[in-house]
Amino acid sequence: MPRARDLGLVSCHLCGLVVRPPGGVDSHVRCPRCGSGLHSRYPNSLSRTWALLIASIILYIPANVLPIMTTTVLGVESPSTILSGVVYFIEERDWLVATVIFTASVVVPVLKMLSLLYLLLSLRGHGRLRTLHRARLHKVTELIGRWSMVDVFVIGILTALVQMGMLSSIEPGLGALAFAAVVILTMLAAESFDPRLLWDQECRQ
Amino acid sequence: MEERILFACPRCDALQQVPEPKPDEVALCACCGARLLRRPKGGLDRPIALMSGALILFLVSNLFPLISLKIGGVELETTLLGTSLALWQHSSKVVATVVFLVSFLVPVVIMGVTLHVLVSIRYRLFLPFTRRLLAFLSHLHPWEMGDVYIVSMLVAMVKLINMARVIVDDGFYALSAAVVLAIAARAGIETWLLWRLLEREEATVAPIPGRRIRREATS
């Protein structure tokens, strides 16, 4: 099956138009239909993905250690972290909410980071999965990433809703900021990884 | 006469002639099976109706209280915009701005922009900025998280019920309905199709002098 890059063609990532840039596949031209910049492969895909992934891994530590939310009732402050929130719901025997929070805040981000790490290392020859499965892994990582935003949204909603001044209030902690950064950075990392690089590698072998 | 679209798979870069999908059909990559093109069931009328409904409901929901909370003997009810105001007065102004942007301004802008593009294409109005706005929407697509927001609202409700007596008010139902309508509207739109419709519309109008549209592709 012919590949666009081998034939000197570039496909626009926004509108899908297939274009032959007069200056070659890697020249900087704009799509005639939608005006966005044309790139045969995402520019600096690997270095961007590595940088975003490493930053998100580093930030995952304060996201779990620092308090994600502080509930103040009648002057008494109760800070809570991601894990303390899960433990609370387990103690309350609310298994459903505990599972939802644990999945969205721990399982999903960690799996995303491990998947991206695997995909990046596999491009250096360390992977053993077939290209098709690796491509699927990337697709799943992209789709699932957004669900980690549940935690961020919940804190935002609770902060917005419970504001009664000194009687009672909910405030986001620094952990929330770090966690939001982790979610956004892993989403950007998955988005900046060009899956076509996997197939480039297969064609080279 | 079945039209074929020249397409390069965004996942594996395989070049192929894709037969234009019929309504409710999906075209898959012949090489890696990735989803290339999808044609939604109907035309643009239903998405326009749904998105208009979503926008109206969203704006109206701000006139009614979202929920009522009773903590420690004090009862408080609040609207969506009221929460940003409360944060501005009692808490960090930065958080207040972020909440205002993310919970009110951004959704309204996205809904408005979508309507602008849809109406412009459907009724051949050639409203200004349609192309740039469609490009803007195409960029935003991976970041649309209305469904995540609904689940988050449910989780937040559960957490709140543990803390206080919560009464769900009209504003909440209106807001939930608005998000559902917006998701339904979005499901009836495909970006590649909008670009093709836009191109076809503009091709039937005399070209603006000085701007040539050049497209070259091999068979």
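Overview of results
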| quantity | calculated |
| --- | --- |
| DSSP H segments from chain B that extend 20 Å or more along their own axis, Cα-based, with Kyte-Doolittle mean of 1.0 or above | B:45-61, B:106-122, B:146-163, B:170-187 |
| Top positive-direction residue, dipole computed over chain B with Cβ charges, set B:GLN16, B:TRP88, B:ALA135 | B:GLN16 |
| Cα Rg over Rh - chain B, Kirkwood | 1.08 |
| Whichever aspartates and glutamates have a C-alpha closer than 13 Å to that of B:LYS159, once near sequence neighbours (fewer than 8 apart) are set aside | A:GLU92, A:ASP94, A:ASP151 |
| Debye-sum result for the protein assembly as shown in log10 I(q)/I(0), which assumes one identical scatterer on each alpha carbon, at q = 0.09, 0.10, 0.11 Å⁻¹ | -0.66, -0.81, -0.95 |
| Isolated Cys residues of chain A, judged by Cβ distance under 4.7 Å to other cysteines | A:CYS203 |
| Radius ratio Rg over Rh of the range A:17-101, counting only Cα atoms, Kirkwood formula for Rh | 1.34 |
| Cleavage-rule hits, trypsin sites (Lys or Arg not before Pro), the range A:97-188, DSSP coil, Cβ neighbours within 10 Å at most 15 | A:ARG124, A:ARG128, A:ARG130 |
| Sparse-neighbourhood loop sites, trypsin sites (Lys or Arg not before Pro) in the range B:1-94 - DSSP loop, at most 14 other Cβ within 10 angstrom | B:LYS41 |
| Cα convex hull of the range B:1-129, projected area averaged across orientations, nm² | 13.3 nm² |
| Whole-Å semi-axes of the ellipsoid equivalent to the range A:87-142 (Cα gyration tensor, √5λ, descending) | 33, 10, 7 |
| Relative intensity, log₁₀ I(q)/I(0), of chain A from a Debye sum that treats every alpha carbon as a point, q = 0.11, 0.13, 0.14 Å⁻¹ | -0.65, -0.81, -0.88 |
| Extension reserve of the B:LEU101-B:ASP24 stretch, reckoned as 0.36 nm per residue once the Cα distance is removed | 24.2 nm |
| Two-decimal log10 I(q)/I(0) for the range A:5-64, as the Debye equation yields it once each C-alpha is a single scatterer, q = 0.18, 0.19, 0.22, 0.24 Å⁻¹ | -0.66, -0.69, -0.81, -0.90 |
| Structure-based [θ]222 nm, chain A - -39500 (n - 2.57) summed over DSSP H runs of at least 4, per residue, nearest 500 | -17000 deg cm²/dmol |
| Most fluctuating residue given options B:LEU50, B:LEU63, B:LEU134, as computed from a GNM of chain B linking Cα atoms under 10 Å | B:LEU63 |
| Gaussian network model of chain B, Cα within-10 Å springs - most flexible of B:ILE56, B:ILE150, B:ILE71 | B:ILE71 |
| Net dipole in debye of the protein assembly as shown [+1 Lys, Arg Cβ; -1 Asp, Glu Cβ; about Cα centre; nearest 20] | 1680 debye |
| Chain A: DSSP helices with Cα axial extent of at least 24 Å and average Kyte-Doolittle hydropathy no lower than 1.0 | A:45-65, A:174-192 |
| Long-range Cα-Cα pairs in the range B:1-73 (distance over 15 Å), rounded percent | 70 percent |
| Whichever aspartates and glutamates have a C-alpha closer than 18 Å to that of B:LYS22, once near sequence neighbours (fewer than 8 apart) are set aside | B:GLU2, B:GLU3, B:ASP45, B:GLU190 |
| Efficiency of FRET from Cβ geometry, B:LEU85 and B:ARG124, R₀ 41 Å, rounded to 0.05 | 0.45 |
| Dimensionless Rg ratio for the range B:57-101, taking C-alpha atoms and the 2.2 N^0.38 Å reference | 1.24 |
| Residue range of chain B that is longest and free of GluC sites (Glu not before Pro) which are both DSSP loop and sparsely packed (at most 13 other C-beta within 10 Å) | B:26-215 |
| Spatially proximal aspartates and glutamates relative to A:LYS139 (Cα-Cα < 16 Å; intrachain offsets below 8 disregarded) | A:GLU191, A:ASP194, B:ASP13 |
| Average partner coverage of A:148-155, which counts Cβ from other chains inside 10 Å | 6 |
| Top of A:PRO109, A:PRO43, A:PRO22 by mean-square fluctuation, Gaussian network on chain A, Cα under 10 Å | A:PRO22 |
| Two-decimal Rg/Rh across the range A:138-205, once Rg and the Kirkwood Rh are taken from alpha-carbon atoms | 1.27 |
| Surrounding net charge for A:ARG130, when Lys and Arg each add one and Asp and Glu each subtract one, Cβ distance under 11 Å | +2 |
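Where a number appears in this text, it was derived from the coordinates with a stated rule and is not lab data. From a predicted model like this one, the values you see are computed outputs, not experimental measurements. For neighbour counting, all protein chains shown are included, and Cβ atoms are generated from backbone atoms with ideal geometry for every residue, glycine included.
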